[in-house]
Amino acid sequence: VIFLCFGMNESYQGADGLTNYIQNLQTRIRNLKSQRFNGKTAPRLVLVSPIAHERLAKLRLDPTIHNQQLQQYTVSMKQLAIEENITFINLFDESQKLFTADQRDYTINGIHLTDEGYQKVAMMMMNELQLANQEAINWESLQALRELIVEKNRQFFFRWRPVNS
């Protein structure tokens, strides 16, 4: 299974960049669908939209225009997923509901999730994929795994972006 999580950075180009973005994404999807990484079958692809841009009281940034752009990109991504017959997860609409229903901050700057934000988004993804319900997840029990992943990411950073290399 390959999760294709794109659209946030590209959405800043607005409507002018949408056609090129979708064309490039379609090319990527078709390339991946033609692969047989296990030697037998094509991978299952899951296209994941970006989250909404959260309005934070501590920042004076109004995310309205960016959210309109994100919505356009999400709609186009969903249409592409239908055309390519791949799974689509709409995090934009779900995160927008969360951000408006709850006064907590789920991002550090409007677009980058906090730990609690990642937990909420993980649940959104699992619900879309019908993998689990929220009551069944014990986040504390997953802390050791999370720490290993964080350390792996730190070592990757040290290896590929070393100071004074």
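The values are calculated or read from the model by the stated rules, or taken from the named source; none is laboratory data. Keep in mind that this is a model prediction, so the values were computed, not measured. Ideal geometry is used to build each Cβ from the backbone, glycine not excepted, and the neighbour counts take in all protein chains shown. Ligands, DNA and RNA are stripped out before the accessible areas are found, and what is left, the full protein with its side chains, is counted by its heavy atoms. Shrake-Rupley method; radii C 1.70, N 1.55, O 1.52, S 1.80 Å.
Determine, yes or no, whether Leu61 is open to solvent by 60 Å² or more (accessible area, probe 1.4 Å) and either more than 23 Å from Gln119 (Cα to Cα) or not in a loop (DSSP other than H, G, I, E, B) (or both).
Details: open to solvent by 60 Å² or more (accessible area, probe 1.4 Å): yes; either more than 23 Å from Gln119 (Cα to Cα) or not in a loop (DSSP other than H, G, I, E, B) (or both): yes.
Answer is yes for this residue.
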Original post:
When the stretch 105-129 is examined, which residues are found to be in contact with a strand residue (DSSP E or B) (Cβ under 8 Å, 6 or more places away or on another chain), outside any helix (DSSP H, G or I) and either within 20 Å of Val46 (Cβ to Cβ) or acidic (Asp, Glu) (or both)?
Top reply: Leu113, Leu129
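Can you work out which of the residues in the stretch 37-54 that are in a loop (DSSP other than H, G, I, E, B) and in contact with a Leu (Cβ under 8 Å, 6 or more places away or on another chain) is farthest from Thr114 (Cα to Cα)?
Start the filter on the stretch 37-54 by keeping residues that are in a loop (DSSP other than H, G, I, E, B), which leaves 37-44, 49-54.
If we keep only those that are in contact with a Leu (Cβ under 8 Å, 6 or more places away or on another chain) as well, we get 42-43, 49-53.
Numbers: Ala42: 34, Pro43: 30, Ser49: 18, Pro50: 15, Ile51: 13, Ala52: 14, His53: 13 Å.
Selected residue: Ala42.
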Subject >> Hits in the stretch 85-104 - residues which are part of a helix (DSSP H, G or I) and either of a type outside the set (Val, Ile, Thr) or surrounded by 12 or more Cβ atoms within 10 Å (Cβ to Cβ) (or both) >> reply: Leu91, Phe92, Asp93, Glu94, Ser95, Gln96, Lys97, Leu98, Phe99, Ala101
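Just to be sure before I move on: is Ser11 among the polar types (S, T, N, Q) and surrounded by 18 or more Cβ atoms within 10 Å (Cβ to Cβ) in the structure I sent? First the steps, then the outcome.
Numbers: among the polar types (S, T, N, Q): yes; surrounded by 18 or more Cβ atoms within 10 Å (Cβ to Cβ): yes.
For Ser11, the condition - among the polar types (S, T, N, Q) and surrounded by 18 or more Cβ atoms within 10 Å (Cβ to Cβ) - is met.
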Original post:
How do the pairs read when you match residues in the stretch 1-22 that are in contact (Cβ under 8 Å) with a residue 60 or more places away in the chain with residues anywhere that are exposed (fewer than 11 other Cβ atoms within 10 Å of the Cβ) and acidic (Asp, Glu), using Cβ under 6 Å and keeping only pairs 6 or more apart or on different chains?
Top reply: none
**OP:** Considering only the stretch 15-36, state which residues are assigned to a helix (DSSP H, G or I) and either among the small types (Gly, Ala, Ser) or in contact with a Cys (Cβ under 8 Å, 6 or more places away or on another chain) (or both).
**Re:** Ala15, Gly17
Original post:
Would the stretch 49-56 turn up any residue that is over 15 Å from the mean Cα position of the chain (by Cα) and among the hydrophobic types (A, V, I, L, M, F, W, C)?
Top reply: yes
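For every residue, the table says whether it meets (1) open to solvent by less than 80 Å² (accessible area, probe 1.4 Å); (2) touching a residue at least 60 places away in the same chain (Cβ under 8 Å); (3) under 28 Å from Ile22 (Cα atoms); (4) within 16 Å of the chain's Cα centre (by Cα).
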site	(1), (2), (3), (4)
Glu83	no, no, yes, no
Lys120	yes, no, yes, yes
Met126	yes, no, yes, yes
Leu131	no, no, no, no
Leu145	no, no, no, no
Leu148	no, no, no, no
Lys152	no, no, no, no
Gln155	no, no, no, no
